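Colleague: Shown below is the structure under consideration.
The values are calculated or read from the model by the stated rules, or taken from the named source; none is laboratory data. From a predicted model like this one, the values you see are computed outputs, not experimental measurements. Glycine gets a Cβ as well: all are built from the backbone with ideal geometry, and neighbour counts include every protein chain shown.
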Amino acid sequence: MKTRAIILSTLALALAVGGCSSYRPTPTAFHAALNEPYRLGAGDRVRVTVFEQESLTNTYAVNSSGYIAFPLIGSVPARGSTVQELEGALAAKLRQGFLRDPDISVEVDQYRPVFVMGEVGAAGQYSYVPGLTVQKAVAMAGGFTPRAHQNTVDITRDINGKVMTGRVLTSDPLLPGDTIYIRERLF
């Protein structure tokens, strides 16, 4: 009887340790990315206003290669740039024989979507809005299923071209392009 109790407790300990083996602490750069200026990526749409040039003022999408197709100057790299950096790049190219002193304003018109997977009612892609948290994204995806682990979730985020995954609380904020994975609870 005593041997059986030892075997059962050893098995329970092995399961507990095995369940924790997939845990990875959140990288420090993960939360630091929340305080940095927003960097454009594929799937974003920007509103470019060229003052006194109505034919150039429009909404442009950042394509899968990371460029926007702009009239007169062609493809302009946008991926990884802030809106201020994109303004400067557009102005510099327009100064090369098209406009003498272009006055340009760039703002994000639509952010790239977030993706919610795992134990939610309707996994899929959802529109990002500023201030979106994990909890709000889960609500948009139909809420947690009865089997969902509801305290923490795994988020995969692209930070400066490097893809990182970390475990965060449901109250944590999201960034455009994040992938949220809701794990299944064991008990």
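Colleague: Output the number of the condition that T179 fails; it satisfies all remaining conditions of (1) in contact with a Phe, Trp or Tyr (Cβ under 6 Å, 6 or more places away or on another chain); (2) modelled with pLDDT under 95; (3) closer than 21 Å to E36 by Cα.
Modeller: That leaves (2) as the condition not met.
Yes/no per residue for (1) within 29 Å of P176 (Cα to Cα); (2) modelled with pLDDT of 95 or more; (3) under 28 Å from the mean Cα position of the chain (by Cα):
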residue	(1), (2), (3)
A12	no, no, no
S22	yes, no, yes
D44	yes, yes, yes
T49	yes, yes, yes
G97	no, no, no
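Colleague: Something else now. Kindly establish whether G131 is more than 22 Å from P77 (Cα to Cα), part of a loop (DSSP other than H, G, I, E, B), of a type in the set (G, A, S) and at pLDDT 95 or above.
Modeller: Numbers: more than 22 Å from P77 (Cα to Cα): yes; part of a loop (DSSP other than H, G, I, E, B): yes; of a type in the set (G, A, S): yes; at pLDDT 95 or above: no.
Taking the combined requirement at face value, the residue does not satisfy it.
Colleague: Taking the residues in region 45-70 that are charged (D, E, K, R) and in contact with a strand residue (DSSP E or B) (Cβ under 6 Å, 6 or more places away or on another chain) as candidates, determine which candidate is nearest to S105 (Cα to Cα).
Modeller: So, considering only residues that are charged (D, E, K, R) and in contact with a strand residue (DSSP E or B) (Cβ under 6 Å, 6 or more places away or on another chain), the one nearest to S105 (Cα to Cα) is R47.
Colleague: Also, I was wondering about something else. I'd like to verify a number: residues in region 41-75 that are part of a strand (DSSP E or B), among the β-branched types (V, I, T) and surrounded by fewer than 19 Cβ atoms within 10 Å (Cβ to Cβ), how many? Outline the logic, then answer.
Modeller: Of region 41-75, the ones part of a strand (DSSP E or B) are 45-50, 58-61, 67-70, 74-75.
Within this subset, residues satisfying the condition of being among the β-branched types (V, I, T) are 46, 48-50, 59, 68.
From what is left, the residues that are surrounded by fewer than 19 Cβ atoms within 10 Å (Cβ to Cβ) are 49, 59.
Residues in region 41-75 being part of a strand (DSSP E or B), among the β-branched types (V, I, T) and surrounded by fewer than 19 Cβ atoms within 10 Å (Cβ to Cβ): 2 in total.
Colleague: Given the conditions (1) modelled with pLDDT under 95; (2) under 27 Å from the mean Cα position of the chain (by Cα); (3) among the polar types (S, T, N, Q), and given that S105 satisfies all but one, which numbered condition is not satisfied?
Modeller: Status for S105: all satisfied but (1).
Colleague: Failed condition for K93, given (1) closer than 21 Å to S65 by Cβ; (2) under 20 Å from the mean Cα position of the chain (by Cα), with all others met?
Modeller: Single failed check for K93: (2).
Colleague: Across region 167-187, which residue is surrounded by the most Cβ atoms within 10 Å (Cβ to Cβ) among those that are in a strand (DSSP E or B) and out of contact with any Asp or Glu (no Cβ under 7 Å at 6 or more places or on another chain)? Talk me through it step by step, then tell me what you get.
Modeller: We begin by selecting, within region 167-187, every residue in a strand (DSSP E or B); these are 167-169, 173, 179-182, 184.
Those still in the list that are out of contact with any Asp or Glu (no Cβ under 7 Å at 6 or more places or on another chain) too: 168-169, 173, 179-180.
Values: V168: 20, L169: 12, P173: 14, T179: 17, I180: 25.
Selected residue: I180.
Colleague: While we're on this one: Within region 109-125, restricting attention to residues that are crowded, with 19+ Cβ neighbours inside 10 Å and not small (G, A, S), which residue is farthest from F51 (Cα to Cα)? If you could, list the steps in order and put the result at the bottom.
Modeller: Residues of region 109-125 that are crowded, with 19+ Cβ neighbours inside 10 Å, as a first pass: 111-112, 114, 116, 118-120.
When the remaining residues are screened for being not small (G, A, S), the result is 111-112, 114, 116, 119-120.
Details: Y111: 24, R112: 26, V114: 33, V116: 39, E119: 48, V120: 46 Å.
That would be E119.
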